Structure formats: structure tokens, C-alpha cells
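Please read the structure below before turning to the comments.
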Amino acid sequence: MSTTPHTPAMRIKSHWFKPGAGRSAADQASAMAFIVFRVAQNMLKRMRGAQFDIDAGPPYFAFLREVLVFLVAVTDRIAHARLETDARSEFTVALVRHLARTLEENEIDLLGPVAAGAPSYTDTFVDLVNELTQHYAEFGADPRPADPAAGFQPDFAFVRYLGHRLEPTLPAKDRLWVIEQVMAAEAPEAVSVVQRSMRDLFDPAPRTARRSRLSGE
């Protein structure tokens with residue numbers, strides 16, 4: 001395996017362009033959910049580009065769920081520094097709900113409805129968020145982030161845990177390399193976009209058109 005080759009940049013709009021009253025936490029969560037979902041999809045695409053086999057179907061969504069939960073944990077930590085407790089809770093709950101809805105729509109399109117009596121796709125995702133965010137809460141921030149102004153930067157253990165969680169979603173031949181790939185290339189790229197997007201979305205000043213850049217699409 002090798003780190004992801006250079007690919008054209010994916011552009012994500014992450015500013016409010018219209019002046020006006022401050023956006024609610026729910027408004028911010030809706031915008032961030034769109035961005036987070038695209039970042040997770042892009043990580044999966046980059047992994048495929050690095051020759052990791054992630055098959056369409058259940059393995060695709062198992063991988064995507066894990067990345068989404070990781071990004072929820074990162075986004076929530078960034079929100080912690082920007083929002084009061086109640087607003088942070090409103091933001092994160094709304095973020096998870098938006099992501100769960102989008103994920104479920106995609107799963108139904110590809111996999112069909114769940115079997116009778118089985119948990120819904122939404123419940124499966126929300127249960128995973130509730131379980132794993134407690135685990136991610138045990139990890140800290142990098143004491144020497146590359147860009148201190150960007151906000152929360154997950155530490156070594158935080159990112160390594162994502163790689164560990166992704167191992168069983170991949171074929172056995174790819175599991176030896178996934179932690180290295182995630183830590184060296186995929187997580188830094190994804191976290192950087194989330195950091196910039198959170199900074200831009202929470203800036204109340206309208207901006208001229210500028211977009212966060214994410215390689216991979």
C-alpha cells in the first residue's frame with residue numbers, strides 16, 4: 001500500500017455569504033452535516049485510490065459509519081471551544097440527526113429497507129455514535145498542532161483509534177496497512193477540512209466566495 005496519490009481538489013463551500021442575524025446552532029449543524037458527510041465519502045474514495053478494497057454494500061457503509069463518528073467527535077470538540085454548553089448540545093444532536101438521515105437515505109438506496117424487526121439504519125448509527133463518542137472522549141488534543149488557530153487537533157491515540165476501528169471493515173489483506181494510511185494521510189486531510197469549515201461557518205462576517213479545498217474529487 002502507498003499513501004494516496006495526488007488527485008484533483010474537491011471544493012466545499014463553508015462560508016455564509018448573506019449578511020444578517022446570527023445563525024442558530026441547528027442552522028450551523030445542518031451546514032456542517034453536509035460537509036462532514038462529503039468529507040467522509042471523500043476519505044473512502046481516497047482509500048480506494050490507495051488500493052484498499054472497500055466493496056459496495058455493507059462494507060462501504062461500515063467504513064462510512066466509522067469515519068462519520070470520528071468526525072462527529074472532532075466536530076463536537078471544536079464546538080466545545082466555540083459554544084456554550086446548551087448550544088453545543090443542540091449543535092451536536094442536530095449534526096448527528098442530519099447525518100443519520102442522510103446515511104439512512106443512502107443505505108436504503110443501495111441496500112434496501114432493513115429486515116422486519118431489525119434496528120433501523122438511523123438507530124444503528126445513533127447507537128454507534130453514543131458508544132464511540134464516549135471512547136473518543138478519553139483521548140486528547142495534539143499538544144503541538146500544526147495550526148493552533150484551526151481549533152481542536154486530535155492526538156495520536158485519537159486518530160489511531162479510528163484506524164483500529166476501520167480494520168474489521170476491510171479485507172484481511174488490507175488490515176495491516178490501514179492504521180498507517182489513516183494516520184499519515186486520511187485523518188489529517190479530513191480533520192483539516194472540518195477545522196476550516198467550522199471556523200468559516202462560525203465566523204459571523206459574510207465573505208466573498210472562497211471554498212475549503214479537499215483533495216480526492
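Brief remarks on what is shown
- Residue within the stretch 180-192 that is small (G, A, S), touching a helix residue (DSSP H, G or I) at 6+ places or on another chain (Cβ under 6 Å), modelled with pLDDT under 95 and surrounded by 17 or more Cβ atoms within 10 Å (Cβ to Cβ) present: no
- Checklist (1) without any contact (Cβ under 8 Å) to a residue 24 or more places away in the chain; (2) more than 26 Å from Q28 (Cα to Cα); (3) not β-branched (V, I, T) applied to L111, failing item: (1)
- Condition met for F37 (aromatic (F, W, Y), surrounded by 15 or more Cβ atoms within 10 Å (Cβ to Cβ) and in contact with a Ser or Thr (Cβ under 8 Å, 6 or more places away or on another chain)): yes
- Residue in the stretch 47-56 that is out of contact with any strand residue (DSSP E or B) (no Cβ under 7 Å at 6 or more places or on another chain), touching a residue at least 40 places away in the same chain (Cβ under 8 Å) and among the basic types (K, R) present: no
The values are calculated or read from the model by the stated rules, or taken from the named source; none is laboratory data. Remember, it's a predicted structure, so these values are computed and weren't measured experimentally. Here Cβ is always computed from backbone atoms with ideal geometry, including for glycine, and neighbour counts include all displayed protein chains.
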